[in-house]
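Novice: Sharing a structure with you now.
What follows draws every value from the coordinates through simple rules; no lab data is involved. Keep in mind that what you see is a predicted model, and the values were worked out from it rather than measured. Backbone-built Cβ (ideal geometry, glycine too); neighbour counts: all protein chains shown.
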Amino acid sequence: MTAETLDESLNELVEVGALTTRGSNQALREEEFDDAWAWGIPAAMLHFGVQNNNYLSLEEAEEKQVAKLDTSRAPDLYTDNSGYEDVVPLVNNLGNSAMLSLMAKRRTIREVSSQPVQVNDIADCLFAGLGIIGTTANCTGELPLSMTPSGGARNPFEAYVYVNRVDGLASGAYHYSAIDHSLGSVRPHNGLLPAGDLVGNQDWMNEMACVIFLVGQLERSMWKYDDANAYRVVLIEAGHIAQNIMLAATEHNLTACPSAALAHEKVNDCFRLKGIATAPIYALGIGVPSRH
Ligand SMILES: Cc1cc2nc3c(=O)[nH]c(=O)nc-3n(C[C@H](O)[C@H](O)[C@H](O)COP(=O)(O)O)c2cc1C
């Protein structure tokens, strides 16, 4: 092989990312990855492989599903007990339980009015999802406890709030501190992208009074757990936190609409998030529903 063909081959390997040039952005990202990611390549491929995805619009997604019906039967979305010999009917207590009624009232309502929401209602949502209400301890010291369970009490989530119309708050981007129960201003609204741009260009999100973003601080969990299953644990926790936020919103007659269609880089820019172990995972748009 001549020096020329060797150069060509090396350039090709650099182009496809199999080799990096020392000091290049790619090399720096790899160094950061080696330092900061403890959960191996398969979990990294899942995590980084779905960042900043292109998402289908509602119309495109519907068209695709309708086309699929021509060639493939849609799977049943629940399973009844008709195949079992003994079936025990259970009491349905929905009409008698305030807790079940609240849960049943929760709905994703993407049509909201232009009314602002109250800062105290958003405070309740944040507190229900992430507020620290006590501590426990293990061999490493004190661990925070909140109203949602957390694998190893590692508390891997922070919340950031994109404020459009909240009575009592200037519009802009905020960080929620779960230990202080306060909001720190990250930046004013001036110059922020519309909220829908942060969630796969879904325009209905632009109308929400505010949007809560759940952001994983993966190093908290990686510090204790070096196996990739801990990544699953973090994702599961987002669901617990979001459900509490949604129920608190419902209690205040608000809708909290979830989206996992994140534009990760735009979310990072909006809230000044840095580092590959800082991971926007989930968004909840909150507003006053304009229908029931
Ligand atoms: C993890 C997750 C991600 C979701 N992402 C979106 C989304 O990006 N856009 C959207 O319009 N709805 C999204 N939804 C809302 C669902 O479409 C909605 O929950 C579903 O239609 C059932 O309605 P309900 O929430 O009123 O029970 C998401 C829900 C979940 C649980």
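Novice: For all pairs of alpha-carbon atoms in the stretch 175-271, what percent lies in each bin of width 10 Å, listed from the first bin to the last filled one?
Specialist: Once binned at 10 Å, the Cα pair distances of the stretch 175-271 give 12, 38, 39, 10, 0.
Novice: What is the pair-distance distribution P(r) of the stretch 90-201, computed from all Cα-Cα distances in 10 Å bins starting at 0, with each bin given as a whole percent?
Specialist: Distribution as computed: 11, 31, 32, 20, 6, 0 percent.
Novice: So how far, in whole Å, is the C-alpha centre of the stretch 71-127 from the one of the stretch 254-292?
Specialist: Spelled out, the Cα-based centre of one part sits 21 Å from the other.
Novice: Can you tell me the dipole magnitude for the chain around its Cα centre, using point charges on the Cβ only (Lys, Arg +1; Asp, Glu -1), in Debye to the nearest 20?
Specialist: 1060
Novice: Work out the length of the dipole vector of the stretch 1-102 about its Cα centre, built from +1 on the beta-carbon of each Lys and Arg and -1 on the beta-carbon of each Asp and Glu, and round it to the nearest 20 debye. List each step's numbers first, then the result.
Specialist: On the way: 5 positive and 19 negative charges, 83 e Å.
I would put it at about 400 debye.
Novice: Still on this model: Take every Cα-Cα distance within the chain, group them into 5 Å bins from 0 onward, and report for each bin the whole-number percent of pairs it holds.
Specialist: 1, 5, 9, 12, 14, 14, 13, 11, 8, 5, 3, 2, 1, 1, 0, 0, 0
Novice: In percent, how large is the relative contact order of the stretch 114-272, given Cα pairs closer than 8 Å and 6 or more residues apart?
Specialist: 28
Novice: Can I ask one more? Among the lysines, select those whose C-alpha is under 28 Å from the C-alpha of K274, and discard any that sit fewer than 8 residues away in the same chain.
Specialist: Answer for K274, where 28 Å is the Cα cut-off: K224, K266, listed by chain and number.
Novice: Turning to a different aspect of this structure: What value, in deg cm²/dmol to 500, does the helix sum -39500 (n - 2.57) over DSSP H runs of n ≥ 4 give at 222 nm once divided by the residues of the chain?
Specialist: Rounded to the nearest 500, the figure is -11500 deg cm²/dmol.
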